[in-house]
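Participant: The following block contains the structure, expressed as C-alpha cells.
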Amino acid sequence: MSQELLFYSFAGLIALCSVMVVTSRNPVISAIFLVGDLFLLAGLYASMEAHFIAAIQILVYAGAIVVLFMFVIMLLNLDPDQRSQVQIAAPEVGVLALTVIAFAVVGGMLVFGQPTGVSGEMTAEAINSAGGNTFTVGMVLYTKYLWPFELASMLIMLAIIASIVIAKKDRPKSATEGDKRRLAHG
Amino acid sequence: MLFWLILFFPLLGAFLNGLVLRKVSPTVSHILGTSALIAAFVCALLTYLQFLAGGGQAQVITGMEWIEAGTFKAPFNFILDRLSGLMLLIITGIGSLIHIYAGGYMHEEKATYRFFSYLNLFVFMMLLLVLGDNLLVMFIGWEGVGLCSYLLIGYWYEDDKNAAAGMKAFLVNRIGDIGFLLGIFLTFKYFHTVSFSELKQMILSAGAQLNGEQIEAIGWITLALFVGACGKSAQMPLYVWLPDAMAGPTPVSALIHAATMVTAGIYMMTRLNFLFYLAPTTQMIVASVGAVTALFAATIALVQYDIKKVLAYSTVSQLGYMVLGCGVGAYSAGVFHLFTHACFKALLFLGAGSVIVAMHHKQDMREMGGLRKYMPVTHLVMLIGVLAIIGFPGLSGFFSKDEILWRAWTGGDQYHIQWGLGALAAVCTSFYMVRLLMLTFYGKNRSDHHTQEHLHETSVVMWGPLVVLAILSAAVGYLNVPHIIHIPGLTNLLFEHYLDPVISIPPQVAEHWHHLHAEYPQSLEWAIMAVSVAGMAISSLLAISMYSNGFGRIANSLGSAFKGAHRVLTNKYYVDEFYDSYIVTPLRDMSQFLWKVVDVLIIDGIVNGVGQAFMLIGGLSSFRMSGSLHRHGMVMVVGIICMLTVLFF
Amino acid sequence: MVSINHYLVLATFMFLCGTLGVLFRRNLLLVLMSIELMLNSVNLVFVSGSRLLGNLDGQVMVFFIITVAACEAGVGLAMVIALFRRYGTVDTNFLRILRG
C-alpha cells in the first residue's frame, strides 16, 4: 500500500513537472522542472530496486546534462521576447489533437493490457543474494556488453571532439550575405 | 666494390646533373656527365680484366632482396659473364666517346644539364639491363632505357613533331613490352624462376627432363620474348618508331638508337639462347623476321634524302642481320655484329652529326655535296665507317656480316631463303651507304651561299672520338676471323670461342647442331664470301657512277623509269599510313566512341540521370518544404501514427 | 507491488509531453529538453520491463541510453551555440535554411 502511495505521488509529480517543462515560457524554469522530473524518476528507479540506474540518473542527467543546459541558457542570455511561447496555429491544432488522441489510445491500451513475457532469473531476491543491484549490473556490463561499452566510450570521445569543433569560435563575421538574405526571407 | 661503382657513377652523374646542378653552364654539365661515364668505363675495364684474369667464369653478384612472394623471388642480383662483360665495355666505352662528342654537338644548347642527366640515366638503365641476373631486373632496365629514349627523342620538346616522335617510340615499345611481360609470366609459370642462371642450369642439367608441357611452353615463351625484342630492336612490324626517333639530338641517335638500346633485344635473345635453341619454330620466325627486316629497311634507305633517315633505316636493316644471326642459332655471330655495328654505326651517326652541325642543322643530302674539301677528317672517318658497314674486305663489317650470312646458309636447308634476303640486303646496303657518302662528301657543293661560307671542320672534341671509333671500326673485325683465312699470329674465330661458355646448346638438340657445322666444305664458304663481296663491289660502283656528281643523269632516269617503285620506296612502303589507317585510326575511333558514347552518354548519363531524376522529384515536392523544424516533425509524427494505426488494426 | 501498466502509462504521458514539446516549442533549447524528456520515458519503460522480466539487460540498456543522451545533449547544445553565434537567435521560426 505504501508502495502504491509512493508511486502515485511520484507519478503525479512527474506528470506535472513534464507538463511544466514543456509549457513554461522561461527556459530556466523549464530546466528546473526537468531537474525535478529527473530526481523523481530516480526515486521511481530506486523503488524498483534499480539502484545503479537511480544513481547515474542523478549523477549524469541531473548533475551533468541539465547543468550543461543551464550553462547554455545563461550563456545565450536570451531576451524575454525571444523566449518564445507555445505556438498554436490553424494546421497545428489538427496535429495536436491527433497526437493527443493517439497517445490516449496507446495509454488506454496499456491500462487494460496484460503484460506477458518470459521471466528471467534475476529477481529482486536473486540480485540481493548475488551481491546487490550495482554489482550484478556491473557484471553484465563488463562481460556481456563489454564491446558496446567500449564503443560507448568512443562515442563520448567523438561527441567531446565534435562539441569543441562545432562550438569553436572560428568565424569573426556574424553572418554571410547569403545567410542574411535567408534570414530576411525567413 | 669496383663492380658497384660501374653502376654508381652514371646514376650519380644523372642525379647531380638532373637535380642538383641545374644552374651551371653547359660546359660544367658536359664535363660532369662525361667524367661520370669515363669513370664508369675505367671501373668496367678493371672489373672486366679482373674477371678475365679469374678465368672468365660466369659469376652472380648478390645484391639486395627485392620482390619475394611465396615461391617467387626476384632479388637485385647481377650476372657478370663474358657476354655482359662485353656489353659493359661497349656501353661505357662507346658511351664515353659519344658523351665527349655530345659536348661539342650540344654546346649551343641552353639546358644541357637535362641532356646529360638523361644520357647518364640511360647508361645506368642500360647497365641494369645487361647486368641483371633475372628477367625482372632486366625488365627494369628495359623500361628504363625506353623512358630515357622517350625523354631524349623529345629533347627539343618545343617542337610538337619531336614530342610526337618520342611518344610514338614509347607507345610502339609498349606493344613489345607486353610480349616481354607475358614471356616473364610464362617463364615463372612453367619454370618457377625468372633467374637466368637458375633457368640455364635447369634447362642444361642432363637430369632435368622437361615434360611436354614445358617444351611447348618454351615455344610460347620465346615467341613472347621475341615480340619484346621486336619492339626494342626495331624489327618488323614494330620498327616504325626508330626512323622517327631521329628527331632527337644526333649523339642520342648514335648512343641509343644505334649502339646500345636497340641491341637489347639481341642481347636478351643471346642471354636466353638455351631457350631459343629448344624452340625451332620460334627460331624460324626470328630468322625470317630478321632477314625480311634487313632487306625491307635497306630498300627504303635506297631513296631517302635525309642523312639521318638513311642511317636510321640502315640501323634497322643491320639489326635485322643480328636477329637473323640469332634466328639461325649463330648467337656469337649476332653479338659480334652487334659489337662491330656499335662501333661503325656510332661512327657514322656522329660523322653525320658533324656534317649536320657544319650545315647549320640541315639534314637533306640534296643540299650537301663536296664536303670533303671542308671537312677532311670527317670525310676520312666517314669513309672508313662506310667501308666497314658495306663489308669491304678487311674492315669489321666484312667479318661480322659475312659470318652471319655464312651461318644462315649453313643453318640448314630451310634457311636458304633467309640467306638470300640477307645477301640482297647487303647489296642494297652497299648502294645506299656509298650513295650517302657520294652525295655528302663528293661532287659540287649544292648548299646556299650563306651555309657555304661557314662550312668548316668541327672542333677536336668532336672529331677526336670519331677517330677513335674509326680505328675501332677498322680493327675489331680481326677478333673473329673466319677459319678459311689465315693471318699469321691471329687465332681464328677468337670471338666465337670467347662466347662459347655463354652459348649453351641444350643436350636435347646438341647433336643436330654439331652435325650441321661439320658438313660444309671450305670452298662453299669461299663461294658465299665471294658472292657477298661481288655484290658489294657491283652496287658500290653503281652508286659511285650514279651519284659521283650529285644526282646524275642515270639517277634521274632510273628514278623516272621506275616511278612507281620509287614512289613506294620514298614513302617507306606506306607502312606508317597503313598503321595509321588500319590500327591507329580505328583505335582512336573506338576510344572516341568509348569516351563520347559509352562513357559520357551512357555511363555519365545514367549517373547524372539518376541524380537529376531525384532533383526533379525533389523540386516538384519542394514547395512543401517550409524549412520549419516543427512542420517536418509534425509530418513525421503523423506518419508514425498512421503507420502504427495500420500495424495495429 | 505496483503493476507495470502504471509505469507504462506514466511513460506514455511523459513521451506525449516530450513529443508536443518538440513539435510546438520554438525555442531550440526547449526542443532539446523535450527530447531528454522522451528519452527518460523510454528509460522508465526499460527499467520497469527489467524488473518485470527479471533481466538486467534492460538496465544496461538504460545505461547506454544515458550515455547517448549525454552525447546528444553535448553536441546539440554546441550546435545551438554555433547557431546563436551565427544568426543571433535560437528561434526555429527564423532558422529555415532547409527551405526548398
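Participant: Where the only charges are on Cβ atoms (+1 Lys, Arg; -1 Asp, Glu), what is the dipole of the stretch B:86-213 about its Cα centre, to the nearest 20 debye?
Facilitator: 100 debye
Participant: Then there's this: Mind checking A:38-45 for the average number of partner chain beta-carbons within 10 Å of each residue's beta-carbon?
Facilitator: Counting other chains' Cβ atoms within 10 Å and averaging over A:38-45 gives 3.
Participant: Something else: Summarise the long-distance tail of P(r) for the protein assembly as shown by giving the % of C-alpha pairs beyond 38 Å.
Facilitator: Counting pairs separated by more than 38 Å, the tail of P(r) holds 60 percent.
Participant: Averaged over its residues, how many other protein chain Cβ atoms are within 10 Å of peptide A:125-133's Cβ atoms?
Facilitator: The per-residue average across the peptide is 1.
Participant: Run through every distinct alpha carbon pair of the stretch B:279-562 and return the Kirkwood hydrodynamic radius in angstroms, one decimal place.
Facilitator: 19.5 Å
Participant: Based on the alpha carbons, how large is the Rg to Rh ratio for the stretch B:432-492 when Rh follows Kirkwood?
Facilitator: Ratio value, two decimals: 1.20.
Participant: Can you give the three extents of the C-alpha atoms in the stretch A:131-170 along their principal axes, from longest to shortest, in whole Å?
Facilitator: 51, 18, 6
Participant: So if I take the alpha carbon set of chain B, get Rg, then get Rh from the Kirkwood formula, what is the Rg over Rh ratio?
Facilitator: Using only Cα positions, Rg/Rh for chain B is 1.11.
Participant: Continuing with the same structure: Quick one: order C:87, A:45 by neighbouring beta-carbon count within 10 Å, fewest to most.
Facilitator: C:87, A:45
Participant: Just check the stretch B:106-172 against the gyration tensor rule for me: Cα atoms, a ≥ b ≥ c as the square roots of the eigenvalues, rounded for a/c under 1.5, and otherwise prolate or oblate depending on whether a/b exceeds b/c.
Facilitator: oblate
Participant: Still on this structure, I have one more. How far, in degrees from 0 to 90, does helix B:396-410 lean away from the longest principal axis of the Cα atoms of chain B, to the nearest 10?
Facilitator: 80 degrees
Participant: How much of the calculated P(r) for the stretch B:596-648 lies past 17 Å, in percent of all Cα pairs?
Facilitator: 62 percent
Participant: Averaged across the residues of A:134-147, what count of C-beta atoms belonging to other chains lies within 10 Å of each residue's C-beta?
Facilitator: Other-chain Cβ atoms within 10 Å of each residue's Cβ, averaged: 2.
Participant: Which order do C:35, B:98 fall in if you start with the one that has the fewest other Cβ atoms within 10 Å?
Facilitator: Going from sparsest to densest Cβ surroundings: C:35, B:98.
Participant: Holding the Cα-Cα limit at 29 Å, pick out from B:161/B:444; B:110/B:161; B:345/B:444; B:308/B:596 the pairs that are longer than that.
Facilitator: B:161/B:444; B:308/B:596
Participant: So, one more: Out of all DSSP beta bridges with both ends in the protein assembly as shown, state the antiparallel percent to the nearest 5.
Facilitator: Roughly 90 percent of the DSSP beta bridges within the protein assembly as shown come out antiparallel.
Participant: Another question about this same structure. Let me check I have the definition right: for the stretch B:32-104, take the eigenvalues of the Cα gyration tensor, multiply each by 5, take square roots. What are those semi-axes in whole Å, largest first?
Facilitator: Each semi-axis is √(5λ); the values are 28, 18, 9 Å.
Participant: Would you order B:284, C:14 from fewest to most other beta-carbon atoms within 10 Å of each residue's own beta-carbon?
Facilitator: The order, fewest Cβ neighbours first, is B:284, C:14.
Participant: May I ask for the angle, rounded to the nearest 10°, between helix C:57-87 and the longest principal axis of chain C, with both axes built from Cα atoms and the value confined to 0 to 90°?
Facilitator: In chain C, helix C:57-87 runs at an angle near 10 degrees to the longest axis.
Participant: Helix-only mean residue ellipticity at 222 nm, the protein assembly as shown, DSSP H runs n ≥ 4 weighted -39,500 (n - 2.57), per residue, nearest 500. What is it?
Facilitator: When only DSSP H runs of four or more count, the value is -23000 deg cm²/dmol.
Participant: Straight-line reach only, C-alpha to C-alpha below 17 angstrom: list the lysines that residue B:189 could link to, leaving out same-chain residues fewer than 8 apart.
Facilitator: Filter leaves B:73, B:200.
Participant: Would you mind checking the tilt of helix B:416-441 against the longest principal axis of the Cα atoms of chain B, expressed as 0 to 90 degrees and rounded to 10?
Facilitator: 80 degrees
Participant: Show which aspartates and glutamates lie in cross-link reach of residue B:572 when reach means a straight Cα distance below 18 angstrom and same-chain residues fewer than eight apart are skipped.
Facilitator: Cross-link targets: B:244, B:306, B:364, B:580.
Every read-out reported here was derived from the displayed coordinates using simple, explicitly stated rules and does not represent laboratory data. Remember, it's a predicted structure, so these values are computed and weren't measured experimentally. Neighbour counts run over all protein chains shown; Cβ positions are idealised from the backbone, glycine included.
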